[in-house]
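The values are calculated or read from the model by the stated rules, or taken from the named source; none is laboratory data. All values derive from a computational prediction rather than experimental measurement. Virtual Cβ from ideal backbone geometry, glycine too; neighbours counted across all protein chains shown.
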Amino acid sequence: MKKKLTTVAFQGTPEQKEKLLAVIEKLKDQKGAMMPILQQAQDIYGYLPIEVQKIIAEKTGVSLEEIFGIASFYSMFKLNPDGKYAISVCLGTACYVKGSGDVLDEISKQLNVPIGSTSADGKYSVEATRCLGACGLAPVMTINGEVYGSLKKTDVKTILEKYQ
Amino acid sequence: MKSLTELLKIRDEKRDHVILPDGANEIRIVVGMATCGIAAGATPVLNAIVEGVKRESLGDRVTVMQTGCIGVCQYEPVMEVFQSGKEKVTYVGMTAEKAERILKEHIQGGKIVEEYTITHVQNTKTEDDGKVHASLQDTVFYKTQRRQALRNCGLIDPENIDEYIAMDGYRALGKALTEMTPDQVIETVLASGLRGRGGAGFPTGMKWKFASGNRGNVQKYVCCNADEGDPGAFMDRSVLEGDPHAVIEAMAIAGYAIGADQGYVYVRAEYPIAVKRLQIAIDQAKEYGLLGKNIFGTGFNFDLSIRLGAGAFVCGEETALMTSIEGKRGEPRPRPPFPAVKGLFEKPTILNNVETYANIPQIILNGAEWFSSVGTEKSKGTKVFALGGKIKNTGLVEVPMGTTLRHIIEEIGGGIPNGKKFKAAQTGGPSGGCIPASLIDTPIDYDNLLAIGSMMGSGGLIVMDEDNCMVDIARFFLDFTVDESCGKCTPCRVGTKRLLEILDKIISGNGEMEDLDRLEELSNYIKSASLCGLGQTAPNPVLSTMRYFRDEYIAHIVDKKCPAGVCKKLIRYEIDPEKCIGCGMCAKNCPASTIVRTDYTAPGHKLASMKIEQANCVKCGACMSSCKFKAISKG
């Protein structure tokens, strides 16, 4: 899947930065250290925002462009943080024909979060998933693992009100 | 550790704890704690046994430990009881409660709990000699296997270096360093006929020889490919989780052979338990002085580090793997120069797969002839397969090269479940092909598989029955390669996408006969023009299914039918109005609400029959499985 850049404001703490700098300091002279550095940076921040990539670029002397190339190449590196509320709408066939696409669009519209990304305040992430195997309840979505079934576009507002 | 003598001392001290000698009143209980065992619930079983042994104060004669993959996946969690002078007992499908009962009746009472044993559960006949045969070794599944690469998996505790040493571990390294020259090591590996177990089957000794020039004057590297990415393959994970020291020892031997002092193991990050056990093993080996400086007092230095992948299938390709270790995008490089000349950090490098390394220590210890006495003319030794799909006994099996597919499927695998017919076996993952039922007697080795359009690959063996559609299978693998193509070269990036589009066209009923020629032509371009192994082998699933199952492609194109009833756009569910009693169960279960009542009532029925509005049908089959009157058919 194409990786979308995040719109969530960077909220790194000084403690996180200190940890990151320590990691870079420890690894930067090793050969081929960039992967371990990025992996540990993601452990510290939960994802790899451009601010973190900039710190790494500055401290290692590797260009930001090259670091971004690596971060976007591997599927395990995340450019977007998970939202506080992670919403996944099933786009499996059964859900799709019963209008899950409309539900997904409605959620995206109401929250103003593009599909596949996270809202600017870090509160909501919205994504489409493959079949969740709950076709009898179609259309289905999950919010932080909780399942909502037999959805209609008009249900979206009331459900989202629970997650403020 | 300064000398081989010290190693042998540890071995002799620990050996009796692993292989219990006759007369020692000891019991050793092992619980399979590989990823699959843990997922099936092995942890509570282990805890229950450990606590039970403590509670009943059995600690002085009963030892409990974890081990790696025992190999019988569908019967996890598995627990085995070893007792001096007695045959091993294999308990399967374990729970904490069963463990309590076994502790009481078997461990304390001396009576085997037969109903939990593998021979009982699997209903494998035991020999009629009045004794209870309850060990995994008694089953047909196990009997014809030959465990060489997996010899310690399921036997020793992978997190305890002493147990590995007890099984002659690190003695091969000792032998190589003290009794052999580096060239002799290479000669032995060459003479053994060992070929790479990761895919292409290049002779391992040859690889080492190419990289062996100029020892001591240039920096060189030894790498291990543990980026097992084929869907359906898990033998490398099993080796790392069950016997990590074998890989470490082999890499040190390789380092000695080519003159390298640094090794890297590239493991996919999706294997956390393998990574953890490998790290523990490396730390223990360092502590014992089996890695590091001046190993066995010979002046040979070798160090090892782990590098984690980050989710890119292409990194299983050797040059891409090396660029990834270098900390870049994992894109392949053109060859030549080959890694033996210019590999990692532009230095001479050898890269072998986990299973290949797992064979090395025993080749050094037992000699080239011991290894080459098993197998076929050009493929020596054994091969581990991850047996899966439509087969009764799924699991990890190791058989001599040259074993027929029929033997693996019918004897070891126990055949196809539910009385279905065997249709094809898929080997080699996304790079391999499908072997049809007509070739089931082919002896499996590298060259035979290539000749019939598949490849060994890393050893995934997926069995398919008559309910699998071969066009759909080809499409499944293409979908995977399209996703995983790194994008560097055009034939692979664009070509695989175009192949997928043609396949999509066929399975949705819009195919034309000319598409078959297009598929073939395009496949051949992609094969010959792609930069790396990923692209060069990506069309194999298409070519091999077209070769053996052309009639299925034609059925999709000409008759607009999917013979296996898989391709949703080509199947139709119909309700027979004469059989339908109008109960409406189907309509209730239909996720798309597309079943309506007609105004026709069949003679003898009270309610009007139902009908499927085809336009909105999602072909899920829920109606058919909910109809008690068999009034719905699929065609």
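Please specify each residue of region B:426-462 satisfying the condition of being farther than 25 Å from B:Leu499 by Cβ and outside any loop (DSSP other than H, G, I, E, B). Within region B:426-462, B:Ala437, B:Ser438, B:Pro443, B:Tyr446, B:Asp447, B:Asn448 qualify. What are the residue pairs meeting all of these: first residue in region A:29-40, first residue more than 7 Å from every other protein chain (Cβ to nearest Cβ), second residue buried (at least 17 other Cβ atoms within 10 Å of the Cβ) and hydroxyl-bearing (Ser, Thr, Tyr), Cβ atoms under 9 Å, and 6 or more apart or on different chains? Once the first residue is more than 7 Å from every other protein chain (Cβ to nearest Cβ) and sits in region A:29-40, its partners that are buried (at least 17 other Cβ atoms within 10 Å of the Cβ) and hydroxyl-bearing (Ser, Thr, Tyr) give A:Ile37/A:Thr60; A:Leu38/A:Tyr74. For region A:118-137, indicate whether the set of residues that are among the basic types (Lys, Arg) and touching a Phe, Trp or Tyr at 6+ places or on another chain (Cβ under 8 Å) is non-empty. Yes, because at least one residue in region A:118-137 is among the basic types (Lys, Arg) and touching a Phe, Trp or Tyr at 6+ places or on another chain (Cβ under 8 Å). Screening B:Ile273 with (1) modelled with pLDDT of 95 or more; (2) touching an Asp or Glu at 6+ places or on another chain (Cβ under 6 Å) gives one miss only, at (1).
Yes or no, residue by residue, for (1) away from every other protein chain (no Cβ under 14 Å); (2) touching a Gly at 6+ places or on another chain (Cβ under 8 Å); (3) not aromatic (Phe, Trp, Tyr):
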{"residue": "B:Arg268", "(1), (2), (3)": "no, yes, yes"}
{"residue": "B:Asn294", "(1), (2), (3)": "yes, no, yes"}
{"residue": "B:Ser305", "(1), (2), (3)": "no, yes, yes"}
{"residue": "B:Gly311", "(1), (2), (3)": "no, no, yes"}
{"residue": "B:Gly316", "(1), (2), (3)": "no, yes, yes"}
{"residue": "B:Ser324", "(1), (2), (3)": "no, yes, yes"}
{"residue": "B:Arg329", "(1), (2), (3)": "no, yes, yes"}
{"residue": "B:Pro334", "(1), (2), (3)": "yes, no, yes"}
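Within region B:1-20, residues that are in contact (Cβ under 8 Å) with a residue 24 or more places away in the chain and surrounded by 13 or more Cβ atoms within 10 Å (Cβ to Cβ) reach partners that are of a type in the set (Gly, Ala, Ser) and assigned to a loop (DSSP other than H, G, I, E, B) with beta carbons closer than 7 Å, at six or more positions or on different chains, in the pairs B:Met1/B:Gly289; B:Ser3/B:Gly297; B:Leu20/B:Ser84.
Results for (1) acidic (Asp, Glu); (2) farther than 29 Å from B:Asn352 by Cβ, shown as yes or no for each residue.
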residue	(1), (2)
B:Asp447	yes, no
B:Gly453	no, no
B:Leu461	no, no
B:Cys489	no, no
B:Thr496	no, no
B:Arg518	no, yes
B:Tyr525	no, yes
B:Ser530	no, no
B:Leu534	no, no
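Let's see how each residue does on (1) surrounded by fewer than 20 Cβ atoms within 10 Å (Cβ to Cβ); (2) closer than 16 Å to A:Leu137 by Cα; (3) hydrophobic (A, V, I, L, M, F, W, C):
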| site | (1), (2), (3) |
| --- | --- |
| B:Lys588 | yes, yes, no |
| B:Ala608 | yes, no, yes |
| B:Val618 | no, yes, yes |
| B:Phe629 | yes, no, yes |
| B:Gly635 | yes, no, no |
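Of the strands (runs of 3 or more DSSP E) lying entirely inside region B:49-118, not one carries at least 3 residues that are surrounded by 18 or more Cβ atoms within 10 Å (Cβ to Cβ) and on the phi > 0 side of the Ramachandran plot.
For every residue, the table says whether it meets (1) within 12 Å of chain B (Cβ to nearest Cβ); (2) more than 16 Å from A:Ile107 (Cα to Cα); (3) assigned to a loop (DSSP other than H, G, I, E, B).
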{"residue": "A:Gly122", "(1), (2), (3)": "no, no, yes"}
{"residue": "A:Ser125", "(1), (2), (3)": "no, no, no"}
{"residue": "A:Ala128", "(1), (2), (3)": "no, no, no"}
{"residue": "A:Pro139", "(1), (2), (3)": "yes, no, yes"}
{"residue": "A:Leu151", "(1), (2), (3)": "no, no, yes"}
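Specify the residue that is farthest from the other protein chains (Cβ to nearest Cβ); the eligible residues are those in region A:71-91 that are more than 12 Å from the chain's Cα centre (by Cα) and crowded, with 23+ Cβ neighbours inside 10 Å. Filtering first and then ranking leaves A:Val89.
Can you say whether B:Phe371 is surrounded by 21 or more Cβ atoms within 10 Å (Cβ to Cβ) and either more than 16 Å from the chain's Cα centre (by Cα) or among the charged types (D, E, K, R) (or both), as far as the supplied structure shows? Criteria met by B:Phe371.
Going by the conditions given, is B:Ile360 closer than 26 Å to B:Asp243 by Cβ, within 11 Å of chain A (Cβ to nearest Cβ) and either aliphatic (A, V, I, L, M) or in contact with a His (Cβ under 7 Å, 6 or more places away or on another chain) (or both)? Give the derivation first.
Numbers: closer than 26 Å to B:Asp243 by Cβ: yes; within 11 Å of chain A (Cβ to nearest Cβ): no; either aliphatic (A, V, I, L, M) or in contact with a His (Cβ under 7 Å, 6 or more places away or on another chain) (or both): yes.
The answer is no for B:Ile360.
Given the criteria free of Cβ contacts under 8 Å to residues at least 60 places away in the same chain and either not assigned by TED's automatic domain parsing to the domain that holds B:Gly199 or not small (Gly, Ala, Ser) (or both), does B:Asn359 qualify? Against the criterion (free of Cβ contacts under 8 Å to residues at least 60 places away in the same chain and either not assigned by TED's automatic domain parsing to the domain that holds B:Gly199 or not small (Gly, Ala, Ser) (or both)), B:Asn359 does not qualify.
Inclusion of B:Val72 among residues that are out of contact with any Asp or Glu (no Cβ under 9 Å at 6 or more places or on another chain) and aliphatic (A, V, I, L, M) is warranted. Scanning region B:116-146 for residues that are modelled with pLDDT of 90 or more and closer than 19 Å to B:Gln83 by Cα yields a count of 3.
Which helices (runs of 4 or more DSSP H) sit wholly inside region A:1-102 and have at least 1 residues that are of a type in the set (D, E, K, R) and out of contact with any Phe, Trp or Tyr (no Cβ under 8 Å at 6 or more places or on another chain)? Steps first, answer last, please.
On the way: elements: A:14-27, A:34-45, A:50-60, A:64-73, A:93-97.
In region A:1-102, A:14-27, A:34-45, A:50-60, A:64-73 are the helices (runs of 4 or more DSSP H) which contain 1 or more residues that are of a type in the set (D, E, K, R) and out of contact with any Phe, Trp or Tyr (no Cβ under 8 Å at 6 or more places or on another chain).
Among the residues examined, B:Val239 qualifies as surrounded by 24 or more Cβ atoms within 10 Å (Cβ to Cβ), of a type outside the set (D, E, K, R), at negative phi and out of contact with any Ser or Thr (no Cβ under 9 Å at 6 or more places or on another chain).
Answer yes or no: is there a residue in region B:396-416 that is more than 19 Å from the chain's Cα centre (by Cα), surrounded by fewer than 24 Cβ atoms within 10 Å (Cβ to Cβ) and on the phi > 0 side of the Ramachandran plot. Checked region B:396-416: no residue is more than 19 Å from the chain's Cα centre (by Cα), surrounded by fewer than 24 Cβ atoms within 10 Å (Cβ to Cβ) and on the phi > 0 side of the Ramachandran plot. Looking across region A:103-119, just one residue is touching a Ser or Thr at 6+ places or on another chain (Cβ under 8 Å) and either assigned to a helix (DSSP H, G or I) or not assigned by TED's automatic domain parsing to the domain that holds A:Ile143 (or both), and that is A:Leu111.
The set of residues from region A:92-105 being away from chain B (no Cβ under 14 Å) and surrounded by 19 or more Cβ atoms within 10 Å (Cβ to Cβ) comprises A:Val103, A:Leu104. Within the option set B:Ala474, B:Ala538, B:Ala529, being surrounded by 20 or more Cβ atoms within 10 Å (Cβ to Cβ), closer than 27 Å to B:Thr323 by Cα and of a type outside the set (Ser, Thr, Tyr) holds for one residue only, B:Ala538.
Comparison of B:Asp576, B:Asp551 shows that the only residue that is more than 29 Å from the chain's Cα centre (by Cα) and more than 20 Å from B:Glu512 (Cβ to Cβ) is B:Asp576.
One residue alone among A:Ile115, A:Ile159 is more than 10 Å from every other protein chain (Cβ to nearest Cβ), free of Cβ contacts under 8 Å to residues at least 24 places away in the same chain and under 30 Å from B:Lys328 (Cα atoms), and that residue is A:Ile115.
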